[in-house]
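What follows is a set of notes on a single structure, which appears directly below.
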Amino acid sequence: MAIPTPHIGCTEQGIIAETVLLPGDPLRAKYIADNFLEDVVQFNTVRNMFGYTGTYKGKKISVMGSGMGIPSIGIYSYELIHFYGVKNLIRIGSCGSLQEDVKIRDVIIGMGACTNSNYASQYNLLGTYAPIASYQLLSKAVKVAAEKEIDVKVGNILSSDIFYDADADSWKKWAKMGVMGVEMEAAALYMNAAYAGVNALCILTVSDSLVTHEVTTAEERQNTFTKMMEIALELA
Ligand code: HPA
């Protein structure tokens, strides 16, 4: 298909790696490129949604912002998959805890992603689709975490369309179903990947708790962010 796309300005095939890390914040993508990657080239500046390719331990890997919410990650992941041939898409983000035993600063991995979004309606399925992570990426991430002695919690997450919810208690119903945390992107990423037959995973650090109302400081977020990155970068 024709490149550049409406939202990614990369004009050559082969620049974007087969594995792309997707933080929500494009400045996070820049930070990762600056601090973790070597031989970095920038491949996107459209809408300041910065994208970079570099190497990590000799392996080619890209990192690009996804923006916030299902429509935004839906667009970027679709274009990466269908126009640039990306095969492994790994969201690295933050979430709010919905459980007493999911503490701020914990690293969690979304085995499944529930959603209140209508994104799945495009597939005209006669039922409720269950968006899930790639088992290949998930099992590898769990193995890497164990090797590095990083604790991870693996389970269900909620990709919500709503940050400021008029029903302040709506999260409690998801919590009752064992959902660990809430974020705003994974379900669309998992559906786009499934529909295209490629791999996706979502790794999150817990930035705040809907249960205890605790929040992390910027410094704490940076430390847990590094743990999450150590796992994600090994998936290239
Ligand atoms: N809700 C949605 N997304 C989030 C949250 C939250 O509480 N915390 C971090 N990302």
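The values are calculated or read from the model by the stated rules, or taken from the named source; none is laboratory data. Everything quoted here is computed from the prediction, not taken from an experiment. Every residue, glycine as well, gets a Cβ built from its backbone with ideal geometry; the counts of neighbours run over all protein chains shown. Heads up: the accessible areas ignore ligands, DNA and RNA and are worked out on the full protein's heavy atoms, side chains in. Shrake-Rupley method; radii C 1.70, N 1.55, O 1.52, S 1.80 Å.
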| request: Run down T55, T115 and say which single residue is among the hydroxyl-bearing types (S, T, Y) and surrounded by 19 or more Cβ atoms within 10 Å (Cβ to Cβ). | output: T115
| query | Of the residues that make up segment 69-76, is at least one crowded, with 23+ Cβ neighbours inside 10 Å, part of a strand (DSSP E or B) and in contact with a Gly (Cβ under 9 Å, 6 or more places away or on another chain)? | reply | no
| Restricting the first residue to segment 157-170 and requiring it to be of a type in the set (A, V, I, L, M, F, W, C) and within 9 Å of the ligand (Cβ to nearest atom), which pairs with a second residue that is modelled with pLDDT of 95 or more and open to solvent by 60 Å² or more (accessible area, probe 1.4 Å) meet a Cβ separation below 9 Å and a spacing of at least six or different chains? | L158/N116; L158/W174; I162/N116; F163/M68
| message | For the structure I just gave you, tell me whether S66 is within 14 Å of the ligand (Cβ to nearest atom), open to solvent by 20 Å² or more (accessible area, probe 1.4 Å) and not aliphatic (A, V, I, L, M). | response | no
| field | Within segment 129-236, helices (runs of 4 or more DSSP H) holding 3 or more residues that are open to solvent by less than 10 Å² (accessible area, probe 1.4 Å) | value | 135-147, 186-196, 218-233
| query | Across segment 80-105, what is the total count of residues that are charged (D, E, K, R) and buried (at least 21 other Cβ atoms within 10 Å of the Cβ)? | reply | 1
| Residue satisfying all of: in segment 76-103; under 16 Å from A175 (Cβ atoms) and in contact (Cβ under 8 Å) with a residue 60 or more places away in the chain; nearest to the chain's Cα centre (by Cα) among these | C95
| Inter-residue pairs, beta-carbon under 6 Å, first within 30 Å of E18 (Cβ to Cβ) and among the acidic types (D, E) and in segment 208-236, second modelled with pLDDT of 95 or more and loosely packed, with under 14 Cβ neighbours inside 10 Å, 6+ apart | E230/K148
| remark: Reported set for segment 208-228 where residues are over 17 Å from the mean Cα position of the chain (by Cα) and of a type in the set (A, V, I, L, M) is L210, V211, V215, A218
